[in-house]
Every structure is written in structure tokens, then in C-alpha cells.
Amino acid sequence: MKIRQITPAIGAEISDVRLGEVSRDPALFAEVKAALLKHRVLFCRRQDITRAEHVAFASCFGPLEDHPALDSDPHHPGLVRIYRSDNPHSYENTYHSDGLWRPNPAMGAVLHCIECPEIGGDTIWVNMVKVYEELPEHIKSTIDGLRAKASIEHTFGAVMAPEARAKLGQDNPPVEHPVVRTHPETGEKVLNVNGFTTHFVNYSTPQNVRHGIDKTPGAGLLLNYLMSRATIPEYQVRWSWQPGDVVMWDNRSTQHYALNDYWPAPRKMERAAIVGDIPY
């Protein structure tokens, strides 16, 4: 297996390896996982894998999860179909980590390109460890110990009928997470707010609020500032898809953004997301 680093901050392309075989070779899987922890996102060209092999490889990392607003392949539970062929609307063109609205957001994901446009439809990944490391020290002090709510209702639910949106929210109530989480395997600190985040829950303390404006819009301005850091190019890697590509990422230390610039061309991806831990 060869590894080629793509940017100084994040991302590597691996070659001379078939992911279908990795799932049957524990030693080779250990190499892939070590590379993933180091580079945070791994790119593989021309992977001729079946859906069963896709699921088997992703399952090496842990159990897979379904999605309440997206379809799964009926023969391969946990293999979510992200097909964009008849609707210009997209949920993915915002910086996010998968499932922040869950009590235990995804550990990571393995995404297989089935069909993509000739031009457009790239995806960007961001190193959120580096984002946190390079925050100004006074910002780090301010957000130390802060917690925030995340919700699926205002994102995936926004285009639903009111009754369906309410049920989605009831079935998946808002959750609370630390604004700065600790990576459970590397011990790194990670900035942990994104497009699913709605508000801080413990910002309004005497230390932070002297007047009402310090809370509203003060807290919201701070949250917007933190979320905007993911847009800095020096923290990013960008991938132009080809059919057969497979990309895997560590969802705990990254965010991603799928460009919605290809309509009316189709884009069909299949994703296996791995159940994660409760952030701390």
C-alpha cells in the first residue's frame, strides 16, 4: 500500500490496495486505520468494490448506523444512498460532521462514488484539530467548558411538512455536546460546532454577560465566528470525484462540505457511517 499526502493539513491518497481485501486482512486494516488517524481522510481511486464489500470494510471500524431522513439499501443495512438526480436541493453543502445531532455522532464514514458529474460535485474536508489549535488564546479560554445544542429538525426537517418535521424532532430530540471535544483515540482537542449546532447552553454566566447584548447577539456572534473557521483554505483538502472512488474519513476530527454546483447532472453516492462514541 502506498500513501501520498495531499496537503500539509489534511488528507492522503492511498493506492495499490483493494478495500474489499482489506476487510479480510487484519494486518492491512490496521495499516489503513493508522493512516486514517494520521491523515484524517483517505482517498482511493478506482475501487471496484461490491456493496457487500463496502459494508464489510466499513464494519471493520465498528457497527454501522442508518439515517432517519435518507434511504438505505434494502439488502445492505447501514449503506445509505445519497442520490441527487431529481432535486437541486442539497443538505450537504454546509460545513458539518455527520450526525452531530445524535447523542453519539458517527465515528467515521466510507463513501463510494457510484455516479458523478463530469464537472463539479467536489467535496471538501477540514482538519478541526488544527482549527482548534490555531484559535486565539482568549477564544480558547472563552470556549473552555462551553456546551452547545445540535438538532436535525432545523436542517433535514426544514423542507418537510410541519407534521413530519415535528415527528422527526420528537424521534431525534436536540442533544448537547461540548464545544471542544477530545478525540477518544488520539487525545487531541477538536472544535466541535458546525451546521447542526443551534446555540450555546451555558454561555450566559456573570463572567460572560454584563448586559443583555453580551448574550444576544454576543453568543450567536461567537458561535458564527467558530463555525466560520472551517472555511479557511489552509485547513482543507478538496477532492474531485471519479466513478469508483472511495473516501473514508474520521468524523470526530473533521468536517466536510459537498459542493452543490452540478445540477442538473446526477450525483449518486453510497455511504456507510460507523456508530461513534458520546463526545467528552
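Going by how many other Cβ atoms sit within 10 Å of their own, how do LEU36, LEU226 line up, fewest first?
LEU36, LEU226
So how do LEU37, LEU19 line up by other beta-carbon neighbours within 10 Å, fewest first? Working shown, then result.
Values: LEU37 15, LEU19 25.
The order, fewest Cβ neighbours first, is LEU37, LEU19.
How high is the relative contact order of the chain, given as a whole-number percent (alpha carbon pairs under 8 Å, six or more residues apart)? Provide the component values of the computation, followed by the final result.
Details: 566 pairs, mean separation 102.0, N = 280.
Result for the chain is 36 percent.
Where the centroid of each part is defined by its Cα atoms, how far is segment 37-80 from segment 198-249 in Å?
Answer, in whole Å: 27.
Within a Cβ distance under 12 Å of PRO74, other residues only, what is the Lys/Arg minus Asp/Glu net charge? Numbers along the way, then the final one.
Values: positive: ARG51, ARG81; negative: ASP66, ASP71, ASP73.
Computed value for this residue: -1.
Largest first, please: the extent of the C-alpha atoms of the chain along each principal axis, to the nearest Å.
Here the Cα extents, ordered largest to smallest, are 60, 42, 34 Å.
Which of the peptides 234-243, 49-58 is most tightly packed, and how do the rest follow, judged by the mean count of other Cβ atoms within 10 Å per residue? Walk me through the intermediate numbers first.
Working: 234-243: 17.2, 49-58: 19.4.
Listed from highest to lowest mean packing, they are 49-58, 234-243.
For segment 148-209, just run the numbers: alpha carbon Rg, then divide by 2.2 N^0.38 Å, N being how many residues it has.
Working: Rg = 14.7 Å, N = 62, 2.2 N^0.38 = 10.6 Å.
Segment 148-209 yields a ratio of 1.40.
For ASP214 and GLU31, calculate 0.36 nm times their separation in residues minus their Cα-Cα distance, and state this gained length in nm to one decimal.
Full-extension gain reported as 61.0 nm.
Assuming a ≥ b ≥ c are the square roots of the Cα gyration tensor eigenvalues, decide whether segment 23-178 counts as rounded (a/c under 1.5), prolate (otherwise, with a/b larger than b/c) or oblate.
On the way: a/c = 1.61, a/b = 1.10, b/c = 1.46.
It comes out oblate by the Cα gyration axes.
For segment 51-110, take every pair of Cα atoms, bin their distances at 5 Å starting from 0, and report each bin as a whole percent.
Binned Cα distances yield the sequence 4, 14, 24, 26, 19, 10, 2.
Can you tally the net charge around PRO184? Count Lys and Arg as +1, Asp and Glu as -1, for every other residue whose Cβ sits under 14 Å from the Cβ of PRO184. Provide the component values of the computation, followed by the final result.
Numbers: positive: LYS33, ARG181, LYS189, ARG252; negative: GLU185, GLU188, ASP250, ASP277.
Within the 14 Å Cβ shell, the charges total 0.
What angle, in degrees between 0 and 90 and rounded to the nearest 10, separates the Cα long axis of helix 218-228 from the longest principal axis of the Cα atoms of the chain?
The angle comes out near 20 degrees.
Would you list MET128, MET160, MET227 from fewest to most Cβ contacts within 10 Å? Working shown, then result.
Details: MET128 30, MET160 15, MET227 18.
Fewest to most other Cβ atoms nearby, the residues stand as MET160, MET227, MET128.
Strictly greater than 19 Å: what percent of every Cα pair in segment 116-239 meets that?
Working: 4467 of 7626 pairs.
More than 19 Å apart: 59 percent of the Cα pairs in segment 116-239.
Computed from the coordinates by the stated procedures, all read-outs in this text should not be read as laboratory data. Every value quoted in this text rests on a predicted model; they were computed, and no experiment measured them. In this analysis, Cβ positions are derived from the backbone assuming ideal geometry, glycine residues included, and neighbour counts consider all displayed protein chains.
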